[in-house]
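The values are calculated or read from the model by the stated rules, or taken from the named source; none is laboratory data. The model shown is predicted, which means the values in this text are computed figures rather than measured ones. Here the Cβ is made from the backbone with ideal geometry for all residues, glycine too, and neighbour counts use every protein chain on show.
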Amino acid sequence: MKFFAYIFCTVGTVITVSYGLVVPEVQRRFSHNPLENNFIPYEGPQFKEFDWNLWKVMTRKYTGNILISPLSLKIALVLIWEGAQEETARELASILQLPGGNYAARNKFSVILRSLQPFTGEVPLKLGTRIYLDDSISLKQSYASVIKTFYSTDIVSSNFADALTVPHDVNSWVRNLTNGRIEKMIENESTLENPVMLVMNALFFKGIWQNNEFPAQETRSEKFYESSGNIIDVPFMKAVGEFNYVESPELDAKILKIPYLGQKMAMYIVLPRTQDGLDTVIKNINSHILMRLVRSMQIFSVEIKLPKFNLEYTSHMEPVLREMGIKSIFTNTATLTGIAKAKRGAAQVLVSDIVQKAAIEVDEGSSYVGAANLGSVPDRKFIASHPFLFYVEDEITGTILYMGRMENPLQTVGNTETSTISTLMHPDEQFSTHQLSAYPIGNGNSQRSNYFNVELLQAACEGNSENIIISPFSVKSALTILSEGTGGNTREELLAALRLPSDPTEIHALSKEALALLQDNRISSEITLANRLWVGRGIELSGDYNRLLRTHYGGDVRMINFSDVVGAAAVINDWVRQVTRNNIQSIVDNGNIGPGTQLLLTSAIYFNGRWLKSFDATSTRTRCFHTFKTDCQEVSMMENVATYKFANIPSLDAQVVEIPYADGRLSMIAILPNKKGLRGLQTLWKDLAYTSVANILSNLQETEIILQIPKFSIESKIELRPALESLGIRDLFGYPANITGILTGSSSQVESVLHNARMDIDEMGTVAAAATVISVVPLMGSTMEVFRADRPFVVMIVDRPTASIIFAGQITYPTPA
């Protein structure tokens, strides 16, 4: 006989308007003035890939309105993961994309759960988790201790032989926690076959609009256009006020944020421009795109028309989770021995089904007058008169509480059993554990264009025993932009060094290919490149060059007063700080620019990637790192035992390991020379000239290894002019440099190429940033393999499809992260 564990997730939401609440001091840190909208969205590590993968499967499989709570489901699944072993545990961790190791995962959920604990007088939010366990089962106390300590989950011993008492107790608990919003979780006790465990999670949230946005007397019945073409009359709420708003060409949609009281929570509504555009939005949307769009939101005066709706939705999650790759817990192969063992016999415990019931109500909730100035003229209109999607987020932790698709505001009940449309995924949409094979390794033209990257790194690192970090991607972007405005020998030298063709059309095609990385909607890593040309007052810039910069490189032009040296440096450095999320504080100073500066070309890049296989912070130990100057320098050394792509490559006389990021497209390559000392590192740089990145990647094999690599935070500021001159780029720095395609009517030369880069490596992943400046002035006077990076080594962050080196450098002394 098989014994089954049942998982129930219950969520209830009421979104309404209230007033007269006392907001405690700790909450008012989000908004001192209730009319202000000044909250900065969450900018920490993302934990939403599972949420949007779940959403894509749900919206493809089922028609009509949908409402789910990713958070509630993740809490239930992580409790199962805590008691799972072997492949069952690995499968759950991979699909949920849990941080590496038990400690990191527990810490992640502890932070989320603490954030959701309401302060006295705060907007009502209740979250409860409870496990009902049959009294015939002997619980492991270690499991009970873990889930109580880290997940605030109680275990209730019950007699499942009593078919009426347990369902009654469960439903009573859910009803109390959701303030009666959900009456029953277990509708029919006969549906529970041989139950031994019920995992219950209930979440109730009563959202109160921040500024009493929607006066009830303004609600009117208006037309709502369904995807099917049907037109229905629906009550629409109306408001005019200042809201965070952005328009997205890539989604062909508008996005509006409506904050709740205290601005700790917010509802985001994604509205397609067209009536039938929701499917396209859902296909293209992901956490990376949304993160970028939310961060680019600006405050506008917006006229909002939003339908009232009230929806209760029941989801049977087993088929969805199976399609996503979570299969083991539902089969005879389930290994849940970390939870409990049966007193009688050796019956196996597996999960029968996961049922989630979610409810939401969105209305104006009050006849309060004067919260919005309906007579004002708005800058934007947001009329939600056709299907849209929405989600509610805790903006302190970036946690999504609810996600929904609204197809018909009059439909109040829905479930997955009556709305199935497809159980098959398109081959291009198959979910996986982000296997690297999804992104083939680049070759051909991409390899040739990468020669400059390695040569630049060699020239910059030659004879240098210090830490160095460079972004060849940023440097090459800046020089390619500059080459577009050069002529004669100046242009020929640049094209030869950069390995660029002479035909401008081919250059634009190569640039488009390189920049495609930034538009790849599938990647979860955040990568941003920004190019800006600063033009001094009185300088006549070529109109063709201005258009080319915008069209082919996504750059822009800004006028600036270089005579005000301090002010100009402050403006430029502020721009760099914004692009690199404050990782690069400055790129220019008073000594780099002056009243005679005519042009300043800046290229800034920011990268934030989370490891596919995070390191367990509890495994990080203080260990020796053998620098060139000391036999043992103590550093924080991370450790992971897992399968990585690895090889000992004879042509480099070095060990190489590829550490992938969660998206599968980007990876960090660590190259550890077998020979110790500075000579070993310098020889490695020379050998890299004869072994391309693509060849390195193709020679790596899946290998179970012990990986030890130090945590570090390294920043380097370099004048690249000597390195570039050694690569044959000389005319650019001489007189007269031919840059007449940029400037008209003046003789100029490039004075310097400044580059500032920073890289942070820790257990969760990598944060890296770089900025490049080109200044133009007028001429005037065990048996298991071990990769132990305990001595200087080379690191590269690479893009697999193009084999491009985004960041690279040498780590000779890991400064603390």
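Residues in the stretch 151-184 that are part of a helix (DSSP H, G or I) and farther than 14 Å from Asp135 by Cα: Tyr151, Pro167, His168, Asp169, Val170, Asn171, Ser172, Trp173, Val174, Arg175, Asn176, Leu177.
When every residue of the stretch 549-557 is checked against the conditions, at least one turns out to be within 31 Å of the chain's Cα centre (by Cα), modelled with pLDDT of 80 or more and aliphatic (A, V, I, L, M). Grab the strands (runs of 3 or more DSSP E) fully contained in the stretch 733-817, keeping just those with 1 or more residues being modelled with pLDDT of 85 or more and over 21 Å from Val579 (Cα atoms). So the answer is 785-788, 793-799, 804-811.
Here Gly538 meets the list (1) surrounded by 15 or more Cβ atoms within 10 Å (Cβ to Cβ); (2) over 28 Å from Phe807 (Cα atoms) almost entirely, failing just condition (1). Exactly one residue out of Asn583, Asn592 is in a loop (DSSP other than H, G, I, E, B), in contact with a Lys or Arg (Cβ under 9 Å, 6 or more places away or on another chain) and of a type outside the set (A, V, I, L, M, F, W, C), and it is Asn583. Considering (1) in contact with a helix residue (DSSP H, G or I) (Cβ under 7 Å, 6 or more places away or on another chain); (2) over 18 Å from Arg610 (Cα atoms), the lone condition that Gln141 does not fulfil carries the number (1). As for the stretch 135-153, it holds no residue that is closer than 23 Å to Glu361 by Cβ and either at pLDDT below 80 or touching a Ser or Thr at 6+ places or on another chain (Cβ under 7 Å) (or both). Of all residue pairs spaced 6 or more apart or on separate chains, those with beta-carbon atoms under 8 Å, a first member in the stretch 557-583 that is under 19 Å from His755 (Cα atoms) and a second member that is acidic (Asp, Glu) and outside any helix (DSSP H, G or I) are Ala569/Asp589; Arg581/Glu43; Asn583/Asp760. Note on the stretch 629-644: residues that are surrounded by fewer than 18 Cβ atoms within 10 Å (Cβ to Cβ) and not charged (D, E, K, R) total 6. Here Ile360 meets the list (1) within 30 Å of the chain's Cα centre (by Cα); (2) at pLDDT 85 or above; (3) more than 29 Å from Ala144 (Cβ to Cβ) almost entirely, failing just condition (2).
Assessment of the stretch 567-587 against the conditions (over 20 Å from Pro472 (Cα atoms), surrounded by 14 or more Cβ atoms within 10 Å (Cβ to Cβ), modelled with pLDDT of 85 or more and more than 29 Å from the chain's Cα centre (by Cα)) yields at least one matching residue. For the stretch 688-732, how many residues are out of contact with any helix residue (DSSP H, G or I) (no Cβ under 6 Å at 6 or more places or on another chain), outside any strand (DSSP E or B) and under 27 Å from Asn640 (Cβ atoms)? Total satisfying the criteria: 9.
The residues of the stretch 608-622 that are crowded, with 17+ Cβ neighbours inside 10 Å, in a strand (DSSP E or B) and at pLDDT 80 or above amount to a single one, Trp611.
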